[in-house]
1. Would you check if Gly265 is in contact with an Asp or Glu (Cβ under 8 Å, 6 or more places away or on another chain) and assigned to a strand (DSSP E or B)?
2. Kindly indicate which of Leu246, Leu229 is out of contact with any Ser or Thr (no Cβ under 6 Å at 6 or more places or on another chain) and at negative phi.
3. Can Thr41 be described as modelled with pLDDT under 95, out of contact with any strand residue (DSSP E or B) (no Cβ under 7 Å at 6 or more places or on another chain) and open to solvent by less than 20 Å² (accessible area, probe 1.4 Å)?
4. Out of everything in the range 143-157 that is open to solvent by 10 Å² or more (accessible area, probe 1.4 Å) and part of a loop (DSSP other than H, G, I, E, B), what residue ends up being farthest from Gly289 (Cα to Cα)?
5. Of a type in the set (A, V, I, L, M), under 16 Å from the mean Cα position of the chain (by Cα) and open to solvent by 20 Å² or more (accessible area, probe 1.4 Å) - does that describe any residue in the range 271-280?
6. Only residues that are farther than 22 Å from Phe284 by Cα and of a type in the set (A, V, I, L, M): list them for the range 185-212, please.
7. If you scan the range 158-200, which residues turn out to be among the basic types (Lys, Arg), surrounded by 20 or more Cβ atoms within 10 Å (Cβ to Cβ) and assigned to a strand (DSSP E or B)?
8. Within the range 225-261, how many residues are of a type outside the set (D, E, K, R), assigned to a loop (DSSP other than H, G, I, E, B) and open to solvent by less than 20 Å² (accessible area, probe 1.4 Å)?
Amino acid sequence: MTTKVGLRVDVDTFRGTRLGVPVLCELFDEHEIKASFFFSTGPDNMGRHLWRLLRPAFLWKMLRTRAVSLYGWDIIFQGIFWPGPIIGKKLPAQIRLAARGGHEIGLHAWDHQAWQAHIDTMTMEDIRLVLRKGFDTLTDITGTPPTCSAVPAWKCTDSVLLAKAEFPFVYNSDCRGSSIFRPVVDGKTLSQPQIPVTLPTYDEAIGKNGITIANYNEFMLSQVKPGGLNVLTIHAEVEGIACAMLFAHFLEAAKEQDISFIPLGELLKEAGHIASGMITKTSFPGREGWISFQGDIHGEGVCHDRRP
């Protein structure tokens, strides 16, 4: 029996959009795969994350993943000395390539770095403004409003959920967890379902617990659970550039194990009854700082397998 995996592509940077998106689109065409692309459309200021090297957990992650060779110097220093390029303005053709390829198009961020750095202090109006900028830019580029969204770095708050409810998103993918659910805010169940990511990402797994390039694909395939919700996030900057060959081999191995990849929206169509739940803040293996995690209506986590 075929096991379906929702495939989510996060596009965080100028480099990932310019180089990674075309590579992934071509690879998906070869394997007849449709995925969900979540685009950052505003300024690429990712180099401003360098101050986080003062934090031991972030420094260790950069060393463990060999970040310079993985992401490239242009990402490492983007936006430090002058404002980064506006991705949607400079690279609309790459975004249209994914849309015309029949892939699901969603909003990731206006300014990915600013969201990660400032979401804790952003007001509701701040959140509405950056969502609107990203939403309108994607609409102008593709000619169609994005149907879904996914916050950067799985950093979501109740204010974010309420702001997103004002947009015509069919679903959002803002947290980690184990099942599709409708989030509850202030005792009210919101209409937009959450499709949480269930599988680890490359930067969370590599270099830990004996996981290397040599056995990474084997490890990832072992994480897919037949009969459960399986949602995988890849990054245009990683699987579309530095690890493109590794990812191509992963797709081939998955096919041999009767694993197929579909857009997240297809998972929603097959979901059946959708329960309510909360989104809570938690620490997470392989990530620095807090992320959003699926919890029950009492605010307790519902997924206890957070490997690796």
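1. Details: in contact with an Asp or Glu (Cβ under 8 Å, 6 or more places away or on another chain): yes; assigned to a strand (DSSP E or B): no.
Answer is no for this residue.
2. On the way: Leu229 fails: out of contact with any Ser or Thr (no Cβ under 6 Å at 6 or more places or on another chain).
After ruling out the rest, the residue left standing is Leu246.
3. Details: modelled with pLDDT under 95: no; out of contact with any strand residue (DSSP E or B) (no Cβ under 7 Å at 6 or more places or on another chain): yes; open to solvent by less than 20 Å² (accessible area, probe 1.4 Å): yes.
Judged against the criteria, Thr41 is not a match.
4. Gly143
5. Taking the range 271-280 as the starting set, the residues that turn out to be of a type in the set (A, V, I, L, M) are 271, 274-275, 278-279.
Okay, now just the ones that are also under 16 Å from the mean Cα position of the chain (by Cα), so none.
The answer is no; no qualifying residue exists.
6. Listed by number, the residues that qualify are Val185, Leu190.
7. In the first step, residues of the range 158-200 are kept if they are among the basic types (Lys, Arg); the result is 164, 176, 182, 188.
Add one more test, that the residue is surrounded by 20 or more Cβ atoms within 10 Å (Cβ to Cβ), and what stays is 164, 176.
Within the range 158-200, just Arg176 meets the criteria.
8. Just the residues of the range 225-261 that are of a type outside the set (D, E, K, R), to begin with: 226-236, 238, 240-251, 253-254, 257, 259-261.
In the following step, the residues that additionally are assigned to a loop (DSSP other than H, G, I, E, B) were identified as 226-230, 236, 243, 257.
Checking which are open to solvent by less than 20 Å² (accessible area, probe 1.4 Å) leaves us with 230, 236, 243.
Result for the range 225-261: 3.
The values are calculated or read from the model by the stated rules, or taken from the named source; none is laboratory data. Computed from a predicted model, the values in this text were never measured in an experiment. Heads up, the Cβs are rebuilt from the backbone with ideal geometry, glycines too, and the neighbour counts pull from every protein chain shown. The area values use the complete protein model at the heavy-atom level, side chains included, leaving out ligands, DNA and RNA. Shrake-Rupley method; radii C 1.70, N 1.55, O 1.52, S 1.80 Å.
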